[in-house]
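Here is the structure we will look at, set down as structure tokens.
The values are calculated or read from the model by the stated rules, or taken from the named source; none is laboratory data. Note that this is a predicted model, so its numbers are computed, not measured. Cβ placement follows ideal geometry from the backbone for every residue including glycine, while neighbour counts extend to all protein chains displayed. Areas reflect the complete protein model, heavy atoms only, side chains present, ligands, DNA and RNA absent. Shrake-Rupley method; radii C 1.70, N 1.55, O 1.52, S 1.80 Å.
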Amino acid sequence: YSSAVQKFSQTLQSFQFDFIGDTLTDDEINIAESFKEFAELLQEVELERSMMVQNASDLLIKPLENFRKEQIGFTKERKKKFEKDGEKFYSMLDRHLHLSSKKKESQLQEADLQVDKERHNFFESSLEYVYQIQEVQESKKFSIVEPVLAFLHSLFTYNNLTVELTQDFLPYKQQLQLSLQNTRNHFSSTREELEDLKKRMKEAPLTCKLPGQPTIEGYLYTQEKWALGISWVKYYCQYEKEAKTLRMTPMDQKPGAKQGTLDLTLKSCVRRKTDSIDKRFCFDIETNERSGTITLQALSEANRRLWMEAMDGKEPIYHSPITKQEEMELNEVGFKFVRKCINAVETKGLATEGVYRTVGSNIQVQKLLNAFFDPKCPGDVDLQSGDWDIKTITSSLKFYLRNLSEPVMTYKLHKELVLAAKSENLDYRLGAIHALVYKLPDKNREMLELLIHHLVNVCEHSRENLMSPSNMGVIFGPTLMRAQEDTVAAMMNIKFQNIVVEILIEHFGKIYSGPPEDTAAPPVPPPRVAARRHKPITISKRPLRERPVFFGASVEDSAGERHGQTPNGSGGTEVPKPLLRSRLPAPRPGGDEPPRAPAEGRPEAEVGRLLARLQDGAAKPSKAANGLVANPALRTSTLQARRPAPRPGTHGREGECDGVPKPRSHDKPVITRPPVRPPDPPCRTPVPPRLEQRPDLIAGTAEETP
């Protein structure tokens, strides 16, 4: 498992995303760096888990094995010596009892000396054996429990780490999810534009004309109306794009026909609807020299598209009166339409969920546009009435803006705006867009301010309508900005168009508070060292934790050296410090008293220390910073004074001492002592029987204890 996790982490660390385009958005940068963050998380968790497994050996298994070998094994050796010396003593005693009294006095005295010597050896062995049994039984209380306690501490330290990592991971997860959603929205918007472009390219693969070629020439047929009917005349035409001049040379092969070259200045070019004429491949042009329209017929659909592209031809708008050139501009009727739509949305649609994202019925949209842009009474439509719902109004507004002859943010500034959005420098990004806004024509800037101010109002109600500045950028990016050429490269820049609109919404107050100091050119980026750049989101870096030192000295320390040390070899005063919790556990029902003061501060502890000095090597109690009693305190001498039972309410739960809670009674059965004497107070060391015969020591304790 550990190997698999580490290999997976290494794979995430080395994985590289491939992106199309020359620049990444801020959200794409966050996504590109996410796998490295995931890899670091996995490595940290696996490192702590492996340390926990190692602690199982160092803190639990080895100390118990050492106790068995050193203490229990040594006791068995004492037992063998005791049995050997006892057998030797009793056999000699039997022989000594069978000695004859007639032996010489010197021999009897020597025999008595040998028996006394063996008796002394036997008594010494028996005392050492009994003392060793008592030492093992007493030390077992802490030498076995303490390793389990240390291991549980390491286990909970690991669990505490996972809780901390979870708390650090949640904000990162939320920010990354937002970046993923923004990227998904950009993808959906770009995919729709690419699908439309692909469809157009499939229909006419030769519509793209190479830039830099101002002239197109070829054969066209012209519709000419006569008194007796309509005829189609063949012309050889040459069009100069820069001067917008069209030269038409008739190619009539009838003898005697008048032939003269026509020089016309082009005003507009619109593709002819298929159902409006019985000929194919037709388009209409308007010129300064002739009144009305001239209908021309190309040789094929591809040829017609080439001519229309050279002449900046437009597609006809079905079911909508907005077809004439003057009505596609930002005129008074257009401003009136936009203002009425904005007033209607802000009056009854700010809290509508998905406003501007929800698409209205195409029939209703065309109906509204036809009514509003009716040449007889333009603008005579009440959008506040119940005849028009919000999604119809918003879709009509987007339709009008998208079908302007030139987008609100103009073709001329399109490239500069996209380059500004691609900058890594956040200050330059804002400053450049600020300057470019004031390079727009007056009408365009007025319309843009009107729209952006409205979008700011909509986004202020994002809790109700769920429309954030990022969502609005996805919707209005292709509406307010678009490239003049339909290419795949232009489609890939749609996400940066969205970012431009998002910046305009987020910084509306600063941008429209006034023009920058120098509007001649965008500000030069500051030096790279001092630049305020976008940095990918990361999981908050935590300070290095103070790792508890569970295992220090060698396990081969002798019993004498271990007397003043913990099972892992650390000194009695240097205890492991667990991670301090940020929150205290909630009090249990019934209320608990705060932990009592350390043992050194109580009068009865003085008696305990006095009696502890009666034994050699007694350890002085110490208390760790976390409230857990350290190893020497766990090895409290058995010679401590009896304390009276606590009165109700003076202590916490039964089994608590110095802030160390024991399991509640309903979790585990209560440990009961043999009924030799009444049970001791919680966490109080029992008094040995021989001390009860010392009333002079007990009396002082009883009088001072409350």
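Of all the numbered requirements in (1) modelled with pLDDT of 90 or more; (2) outside any helix (DSSP H, G or I); (3) under 18 Å from Asp26 (Cα atoms), Arg528 misses one, and that requirement is (1). Among the residues of the range 424-437, none qualifies, meaning not one is hydroxyl-bearing (Ser, Thr, Tyr) and surrounded by 20 or more Cβ atoms within 10 Å (Cβ to Cβ). Only one of these conditions is not met by Glu118: (1) more than 30 Å from Ala56 (Cα to Cα); (2) surrounded by 11 or more Cβ atoms within 10 Å (Cβ to Cβ); (3) without any contact (Cβ under 8 Å) to a residue 12 or more places away in the chain; (4) of a type in the set (Asp, Glu). Which number is it? So Glu118 meets the others, but not (3).
Restricted to the range 273-299, and to residues there that are at pLDDT below 85 and under 57 Å from the mean Cα position of the chain (by Cα), the residue that is surrounded by the fewest Cβ atoms within 10 Å (Cβ to Cβ) is Asp275. Regarding Ser91, is this residue over 30 Å from Lys140 (Cα atoms), more than 60 Å from the chain's Cα centre (by Cα) and either open to solvent by less than 50 Å² (accessible area, probe 1.4 Å) or touching a residue at least 40 places away in the same chain (Cβ under 8 Å) (or both)? So Ser91 passes the test.
Residues of the range 403-444 that are assigned to a helix (DSSP H, G or I), small (Gly, Ala, Ser) and touching a helix residue (DSSP H, G or I) at 6+ places or on another chain (Cβ under 6 Å): Ala420, Ala421, Ala432.
Residues in the range 382-402 that are buried (at least 20 other Cβ atoms within 10 Å of the Cβ), of a type outside the set (Phe, Trp, Tyr) and not in a helix (DSSP H, G or I): Leu383 alone. Do the conditions hold for Ile31, that is, is it among the aliphatic types (A, V, I, L, M) and surrounded by fewer than 18 Cβ atoms within 10 Å (Cβ to Cβ)? When the stated conditions are applied, Ile31 does not pass them. Ala483 passes every criterion in (1) surrounded by fewer than 22 Cβ atoms within 10 Å (Cβ to Cβ); (2) out of contact with any His (no Cβ under 7 Å at 6 or more places or on another chain) apart from (2).
So for the range 7-14 (the condition being surrounded by 17 or more Cβ atoms within 10 Å (Cβ to Cβ), at pLDDT 90 or above and over 30 Å from Phe123 (Cβ atoms)), does at least one residue qualify? Yes, some residue in the range 7-14 is surrounded by 17 or more Cβ atoms within 10 Å (Cβ to Cβ), at pLDDT 90 or above and over 30 Å from Phe123 (Cβ atoms).
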